[in-house]
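First the structure, in the form of C-alpha cells, and then the observations on it.
The values are calculated or read from the model by the stated rules, or taken from the named source; none is laboratory data. These numbers were taken from a predicted model, which means no experiment stands behind them. FYI the Cβ positions are ideal-geometry reconstructions off the backbone, even for glycines, and counts take in every protein chain you see. SASA here: full protein model, heavy atoms, side chains in, ligands and nucleic acids out. Shrake-Rupley method; radii C 1.70, N 1.55, O 1.52, S 1.80 Å.
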Amino acid sequence: MEIQLWKKILDPYELAVKELIVKFEHLIQEHRQQGLYSPIEQVTGRVKSVSSILNKMKKKKIAMEEMEEKVEDIAGVRIICQFVEDIERVVEIIRNRSDMEVKEERDYITNMKESGYRSYHVIIYYPIETLEGMKKIQAEIQIRTLGMNFWSTIEHSLQYKYEKNIPDHIRERLTKAADAIIVLDREMSTVRSEIMDAQNSLLLQESLVSEILTTIHNLYHLANKRELLKIQDEFYKIYELNDIEQLKRFQRELDRIAQGYRAQSVEHKGIKN
Ligand code: 0O2
C-alpha cells in the first residue's frame, strides 16, 4: 500500500486516541474537582505502527480489506489504576458511556494469560467525525493496575529483545514476578480504604485552601489592610495545624466576614446613587 494511503487510513485513529485520552483525563479531573477518589490514575495511548499492523496481519492471516475490522488495536488506550477494584469501576464507566459502544471484553485478570500477562481489555466502537462524515472505528482500551503495567512493560521489552523467544530461565523469572505482582495487588487492596481516605483528605485540604485564598484575595478590594493582615496571620496559624476541621471552620468564618463586606459595599453604592 502507498505510504500516503496508510496515512489516510491511520488519521482517524490518531484523532480517536487523542480524543479518548482527553475524555479519560477529564474524568480524572472531574473526580478531583468534586473531591472524589479517581479510579483512573493515568491515561496513555498510541496508534499502532505500520510494521506492527503488518506483523499482526501476517501472524493472523488477515487480508488487507479486513484490516480495520480484524486488527482491533490500531487505536490503543491504556488506563492505569491504583487498585484491582478500580478496574471494574472503570469498565462500568465505559459500559455506561453513550459515546463508546462495547464490542467485546477480555478479562485477562480472572483468566491470566499463560505468559503471566494480566490486564482487562475492552474493545469499543468509537465515532469519529471526518471530512467525509462520521466513521465508526475500533479502539482497544487496556485497563490494569500500576503493578500489572510494570510487569507487562518489562515483558513486552523482553519479547521485543528476544523476538518473542524469551529464554526459559528468563521466562521462569517472569512467572515468579507475575506471581509477586498478584500478591502485591492483593496486599495493596487490603489498605485501599486507608490510602483512599488519605488521598481524599489531601484533595479536600487542597480545595479548601484554594477557596480560602480566593476569598482573601477578593477581600483585598473590600477590607482594610489591618484586618486583612489579621486574617492572613490567622490563616497561616490554622494551616500549620494541618487540621481539616479547623480549616473548614476558618473558611465558614471568612465567608461570613466576606458577606458582611459585600453587603456594606452594596449599601455604600446605594447611598452614593
Ligand atoms: P503491541 O506491540 O502492544 O501492539 P493475540 O496475538 O491473539 O495474543 P490479540 O488477539 O490481538 O492478541 O488480542 P489480545 O490478546 O487482547 O492482545 C492485544 C494486546 O494485549 C497486545 O497487542 C499487547 O499489547 C497486549 N498483550 C497481550 N498478551 C500479552 C502478553 O503476553 N504480554 C504483554 N506484555 N502484552 C500482551 P500486540 O499487538 O500483541 O502488541
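With respect to Leu158, is the statement that it is out of contact with any helix residue (DSSP H, G or I) (no Cβ under 9 Å at 6 or more places or on another chain) and modelled with pLDDT under 95 true? Steps first, answer last, please.
Details: out of contact with any helix residue (DSSP H, G or I) (no Cβ under 9 Å at 6 or more places or on another chain): no; modelled with pLDDT under 95: yes.
No, not satisfied.
Can you find a residue in the range 123-133 that is out of contact with any Leu (no Cβ under 8 Å at 6 or more places or on another chain) and within 15 Å of the ligand (Cβ to nearest atom)?
Scanning the range 123-133 turns up at least one residue that is out of contact with any Leu (no Cβ under 8 Å at 6 or more places or on another chain) and within 15 Å of the ligand (Cβ to nearest atom).
Given the conditions (1) touching a residue at least 40 places away in the same chain (Cβ under 8 Å); (2) on the phi < 0 side of the Ramachandran plot, report the number of the one that Asn111 does not fulfil.
Of the numbered conditions (1) touching a residue at least 40 places away in the same chain (Cβ under 8 Å); (2) on the phi < 0 side of the Ramachandran plot, the odd one out for Asn111 is (1).
If we keep just the residues of the range 118-129 that are of a type outside the set (S, T, N, Q) and open to solvent by less than 30 Å² (accessible area, probe 1.4 Å), which is farthest from Ser38 (Cα to Cα)?
Initially, the range 118-129 is screened for residues of a type outside the set (S, T, N, Q), giving 118, 120-129.
With the extra rule that they be open to solvent by less than 30 Å² (accessible area, probe 1.4 Å), the set shrinks to 118, 120-124, 126, 128.
Values: Arg118: 21, Tyr120: 18, His121: 19, Val122: 19, Ile123: 22, Ile124: 22, Tyr126: 23, Ile128: 27 Å.
Only one residue fits best here, namely Ile128.
Name, by its number, the condition in (1) in contact with a Phe, Trp or Tyr (Cβ under 8 Å, 6 or more places away or on another chain); (2) at pLDDT below 85; (3) open to solvent by less than 40 Å² (accessible area, probe 1.4 Å) that does not hold for Ser265.
Result: Ser265 passes all but (1).
For the range 164-180: of the residues being in a loop (DSSP other than H, G, I, E, B) and within 13 Å of the ligand (Cβ to nearest atom), which is farthest from the chain's Cα centre (by Cα)? Give the steps one after another, and end with the answer.
Taking the range 164-180 as the starting set, the residues that turn out to be in a loop (DSSP other than H, G, I, E, B) are 164-167.
Now narrow it down to the ones that are within 13 Å of the ligand (Cβ to nearest atom): 164, 166.
Details: Lys164: 30, Ile166: 32 Å.
Among those residues, the one meeting the criterion is Ile166.
Condition first: closer than 22 Å to Ser189 by Cβ and out of contact with any strand residue (DSSP E or B) (no Cβ under 8 Å at 6 or more places or on another chain). Can you find one or more residues in the range 38-60 that meet it?
The answer is yes, given that some residue of the range 38-60 is closer than 22 Å to Ser189 by Cβ and out of contact with any strand residue (DSSP E or B) (no Cβ under 8 Å at 6 or more places or on another chain).
Restricting the range 187-213 to residues that are open to solvent by less than 40 Å² (accessible area, probe 1.4 Å) and at pLDDT 85 or above, which is nearest to Leu146 (Cα to Cα)?
Looking at residues that are open to solvent by less than 40 Å² (accessible area, probe 1.4 Å) and at pLDDT 85 or above, I get Ser189.
Considering every residue within the range 140-159, establish whether at least one is among the polar types (S, T, N, Q), in a strand (DSSP E or B) and surrounded by 11 or more Cβ atoms within 10 Å (Cβ to Cβ).
Start the filter on the range 140-159 by keeping residues that are among the polar types (S, T, N, Q), which leaves 142, 145, 149, 152-153, 157, 159.
In the following step, the residues that additionally are in a strand (DSSP E or B) were identified as 142, 145.
So of that shortlist, the ones also surrounded by 11 or more Cβ atoms within 10 Å (Cβ to Cβ) come out as 142, 145.
Yes, the conditions are met somewhere in the range 140-159.
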